[in-house]
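As structure tokens, the structure follows; a few thoughts come after it.
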Amino acid sequence: MLDKLFFRKKSHEQKWDLDDNIPSHVAIIMDGNGRWARKRALPRIAGHHEGMKTVRKIVKEANRIGIKVLTLYAFSTENWKRPREEVDFLMKLPGEFLNTFLPDLIKENVQVRIMGKKELLPIHTVKAVDQAISQTENNTGLILNFALNYGSRDEITAAVKAIGTDIKNGTLDPSQINESTIENHLMTQGLSDPDLLIRTSGEVRLSNFMLWQLAYSEFWFTEVYWPDFSEDHLREAVSQFAQRGRRFGGV
Ligand code: V07
């Protein structure tokens with residue numbers, strides 16, 4: 001099985017067989033950029049910049065594998081607590097990433113999406129991101145979904161607030177609330193739940209990432225720092241996913 005999935009198709013452009021059980025939606029917590037830099041006696045921002053290049057590599061490979069949705073945790077609601085200079089640098093990365101790679105992403109039919117609160121983001125970041133969203137909104141290939149100023153508790157709080165407003169307006173009765181009601185108010189509306197969560201750099205926790213959506217997902221952890229994460233690591237994670245049976249609480 002591992003042979004079949006991991007080696008036979010490696011380095012070929014062909015998509016994997018339909019019955020290979022490729023995860024449709026893969027979510028990644030891209031951790032370890034700062035530690036990657038420290039190991040090399042470089043500033044943390046050098047790690048973030050290298051991590052941005054890894055994003056490009058992994059998007060390309062995800063597309064090649066046939067993954068439909070790739071959600072990447074780029075900036076959390078907690079990341080504002082970092083030093084001012086680091087936050088300023090991070091906020092320039094979406095613009096730099098898109099300046100460098102958007103033409104390629106368009107050629108590859110990738111659709112860029114964002115989830116998170118736009119409010120606190122600098123205007124230059126919002127502009128870069130909005131432009132990419134509108135330029136790719138009709139693309140039908142891989143959905144590249146960046147979590148930017150995202151926190152899952154924040155997302156759920158906003159959903160509850162909106163549902164409360166619907167009730168107050170009389171457009172919703174509490175007896176009608178079901179799981180779909182909640183899903184339709186989350187920032188992932190229209191996307192399937194992640195089949196596979198990957199976290200790099202050896203930390204084994206969720207850090208306020210997609211708490212609702214990851215309820216039934218498989219988790220795959222690696223000690224590798226995000227800037228060192230390679231196409232082969234992604235294939236290894238996908239290949240292990242394909243071998244695990246998921247039961248959704250059934251038998
Ligand atoms: C960021 C690079 C990856 C490692 C994690 C932290 C640093 C790509 C983006 C991005 C975001 C939105 C968008 C296009 C690109 C990004 C931040 C940090 C804040 F539309 N990488 N990357 N954004 N890092």
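The values are calculated or read from the model by the stated rules, or taken from the named source; none is laboratory data. Bear in mind the structure is a predicted one, so any value in this text is a computation, not a measurement. Heads up, the Cβs are rebuilt from the backbone with ideal geometry, glycines too, and the neighbour counts pull from every protein chain shown. Heavy atoms of the whole protein, side chains included, go into the accessibility calculation; ligands, DNA and RNA do not. Shrake-Rupley method; radii C 1.70, N 1.55, O 1.52, S 1.80 Å.
Hey, any idea what % of the stretch 26-139's accessible area is carbon plus sulfur with a 1.4 Å probe? Ligands and nucleic acids excluded, carbon and sulfur reach 53 percent.
The distance between label points at L42 and L172 comes to 4.5 nm (points 7 Å beyond Cα on the Cα→Cβ vector). Can you give me the long-range amide H partners of G32? Hydrogens built in the peptide plane at 1.01 Å from N, cutoff under 5 Å, separation of 5 or more residues or another chain. Residues meeting the criterion, in which the H sits 1.01 Å from N, are W226.
Computed per residue of the chain from DSSP H runs no shorter than four, each worth -39500 (n - 2.57), the mean residue ellipticity at 222 nm is -13000 deg cm²/dmol. Computed about its Cα centre, the charge dipole of the chain is approximately 580 debye, with only Lys, Arg, Asp and Glu carrying charge at their Cβ. Based on Cα contacts under 8 Å between residues 6+ apart, the chain shows a relative contact order of 28 percent. Taking every alpha-carbon pair under 8 Å whose residues sit at least 6 apart, the stretch 155-251 reaches a relative contact order of 22 percent. Here the simple spin-label model places points 7 Å from the Cα toward Cβ, and for T165 and E231 these points are separated by 4.5 nm. If R0 is taken as 25 Å, the Cβ-Cβ distance between S192 and K81 corresponds to a FRET efficiency of 0.20. Highest average first, the peptides 192-202, 98-108, 171-181 ordered by how many other beta carbon atoms sit within 10 Å of their residues are 192-202, 98-108, 171-181. Among the listed pairs K81/K117; K57/K161; K57/K107; K60/K81; K39/K118, those whose Cα-Cα separation exceeds 27 Å are K57/K161; K60/K81; K39/K118. Remark: the chain carries 51 Å² of accessible area per residue (probe radius 1.4 Å; ligands, DNA and RNA excluded).
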